[in-house]
1. Among the residues of the stretch 394-429, what is the count of those that are in contact (Cβ under 8 Å) with a residue 60 or more places away in the chain and closer than 17 Å to residue 455 by Cα?
2. Counting only residues that are surrounded by fewer than 21 Cβ atoms within 10 Å (Cβ to Cβ), of a type in the set (Asp, Glu) and in contact (Cβ under 8 Å) with a residue 40 or more places away in the chain, how many does the stretch 456-485 have?
3. Being among the hydroxyl-bearing types (Ser, Thr, Tyr) and in a helix (DSSP H, G or I) is the filter here; which residues of the stretch 297-326 pass it?
4. Which residue pairs have Cβ atoms closer than 6 Å, lie 6 or more positions apart in sequence or on different chains, and pair a first residue in the stretch 1-21 that is part of a loop (DSSP other than H, G, I, E, B) with a second residue that is among the hydrophobic types (A, V, I, L, M, F, W, C)?
5. Say whether the condition of being crowded, with 16+ Cβ neighbours inside 10 Å, among the small types (Gly, Ala, Ser) and within 31 Å of the chain's Cα centre (by Cα) is met by at least one residue in the stretch 175-190.
6. Go through the stretch 79-132 and give me each residue that's among the aromatic types (Phe, Trp, Tyr) and under 29 Å from the mean Cα position of the chain (by Cα).
7. Any residue at all in the stretch 115-128 that is at pLDDT 90 or above, crowded, with 18+ Cβ neighbours inside 10 Å and not charged (D, E, K, R)?
8. If only one of 434, 389, 453 is assigned by TED's automatic domain parsing to the domain that holds residue 482, of a type in the set (A, V, I, L, M) and crowded, with 17+ Cβ neighbours inside 10 Å, which one is it?
Amino acid sequence: AWSARTNVPLLLNRDNTAGYRTTYESSFFQYGKIVHKDGAFELAGRWHIDLENSFTMTEANLDGVFELARLTQIPVQRQSRASIGTSMSSMQLSWAYRNGYLIPSKKREPEAFKSAATLLLADRGGLIFNPPLGYHEDVAELDFVSMYPTIMVEKNVSPETVNCRCCRNDAVPELGYTICERREGIVPATLRSVVQKRALYKKLKRQYKGKDDRLFRTYDHRQNALKWMLVSCFGYLGYKNARFGKIEAHESVNAFSRDAILTAKEIAEERGFRMLHAIIDCVWLKKQGATEQEYEHLCREIASRTGIDISLEGIYSWILFPASKLDPAITTANRYTGWYRHGELKVRGLEARRRDTPKFIKTMQTAMLEALASARSVADVEERVPQLLDIVRSHVALLQSGQANPMELVLRRHLSKEADEYTNNSMSAVVSKLVADMGVHLAPGESIEFIILDQSGKRKPEKAKPLALYAFEDGYDIEQYTELTLRAAETMLLPFGYSKEKLKECLGITEPGKRKKKSATIVQKELEFKTPAERRREESIVFSRRISNIDRRIQN
């Protein structure tokens, strides 16, 4: 617009003779879900870095992009959009070329034949112990430092070193695979400098903490970029299209990691600690009256026996392992939350952390967690249950009144298909078709935001509306959002006997079918006929009655 208005040509390239390098968008299946990758538009003489299309830029800023560009020898523009796999492959190719290794044009080596018994033993991931349900106090979290990269480097795990022809050592626990003792593999040789560099950046980060904010942020961004490379290098080792990948090498790393976790468990139990939970490279231990120094001593002993550094992340005043959504009698490995003694909150897998949770529900659950910040034991948490119920009550009352801000009720979902490929009438199908009718194409793997109008589809022809088409007079589905809110509350309160049904009873919410449903639109229209004073008075009376009913039920 500015170019046309001023009659000045818009020269994105510094070199007018150079063209623009572009790539097409794509959708692909990865780790059980459809992923969308936007196309790229590169300039000549200038950098075009798309914040919406750069994971590294989002996580580690320009410092992280520069760091990876130096290591991978990929131009900055391209590196900002490159996947970790592409970065790893570039480093490995460079090392192989400089050291005289033959480089395959594509991966050709198939998986070696295995018997059914060997396959059952080998085809397993990291070790996971499901934690006991509910709240626990004085639990310590110990975390192996860069476990998988360390195993690959220290154990010399690489595609060409696993099951080599020159050695017979049965080095891999459980599986009996051999690992070459005569030469270093491509993968550990490539990763060694990354591991060492990240350790140096973390040391410099601690050195400048509180002294020089600029340098502290710089080293933090650099080590964070390297962290994501190290986190992803293990998965790339077993990737079907990796140039230097081999499934037996991937299985070997898993076997070493399981052995390390079991060794840590044995050492801890020998010293009177009880292991509550373990997930791949973390363990949660408990011992009555144990001090921080005891845990530090335990870390040193585990590191000495396993050859992998392990650090004390912190000791929780309390930690919650909530029930599974599918079975309330068991827990899931990756959902927990708790307050460390040093005053930091950690949340994993709960609604407050999930990207697809509406802001309204996130706000409520975060308020519940903040209310427990001063709790020093499970007994303290239980004392604060009435306070948690008040938080739930106020949020549910706002929803039920129809006065909740619709912009805080926006849900986000990933699309798994093209709009015309959906055969059901799911929420994603309805919304994607509405967007397609607008002339907007959404590819599989892209996200869409919408507000639920009527989950059942009985009162309104449209179950939900995309955010772009939503108007405030459309209202929202009170019952469905109340249901979602109570599910989030149940996560925190179920250990104290407050299931979703019990919460409905306490809050005086009638089950669907027992009363005539009202959407937020109807409630809003009813309120419009009252003066503001009458409206406030009516809401105050209703709210007071609800509080009285709840208090009476609690006392009973």
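1. The number of residues fulfilling the criteria is 5.
2. Total meeting the criteria: 2.
3. Residues of the stretch 297-326 among the hydroxyl-bearing types (Ser, Thr, Tyr): 304, 306, 311, 316-317, 324.
If the condition is that a residue be among the hydroxyl-bearing types (Ser, Thr, Tyr) and in a helix (DSSP H, G or I), then 304, 306 are the ones that fit.
4. Partner pairs satisfying both residue conditions: 12/43; 13/43; 13/44; 15/44; 18/44.
5. Here is the first cut: in the stretch 175-190, the residues crowded, with 16+ Cβ neighbours inside 10 Å are 175, 177-180, 185-190.
Still in the running and among the small types (Gly, Ala, Ser): 185, 189.
Right, trim to within 31 Å of the chain's Cα centre (by Cα) and you get 189.
Within the stretch 175-190, one or more residues are crowded, with 16+ Cβ neighbours inside 10 Å, among the small types (Gly, Ala, Ser) and within 31 Å of the chain's Cα centre (by Cα).
6. To start, the set of residues in the stretch 79-132 that are among the aromatic types (Phe, Trp, Tyr) comprises 95, 97, 101, 113, 129.
Within the stretch 79-132, just 129 meets the criteria.
7. No, there is no match, as no residue in the stretch 115-128 is at pLDDT 90 or above, crowded, with 18+ Cβ neighbours inside 10 Å and not charged (D, E, K, R).
8. Working: 434 fails: assigned by TED's automatic domain parsing to the domain that holds residue 482; 453 fails: assigned by TED's automatic domain parsing to the domain that holds residue 482.
From the options 434, 389, 453, the qualifying one is 389.
The values are calculated or read from the model by the stated rules, or taken from the named source; none is laboratory data. This structure is a prediction, so every number in the text was calculated from the model and none was measured. All Cβ positions, even for glycine, are placed from backbone atoms using ideal geometry, and neighbour counts span all protein chains on display.
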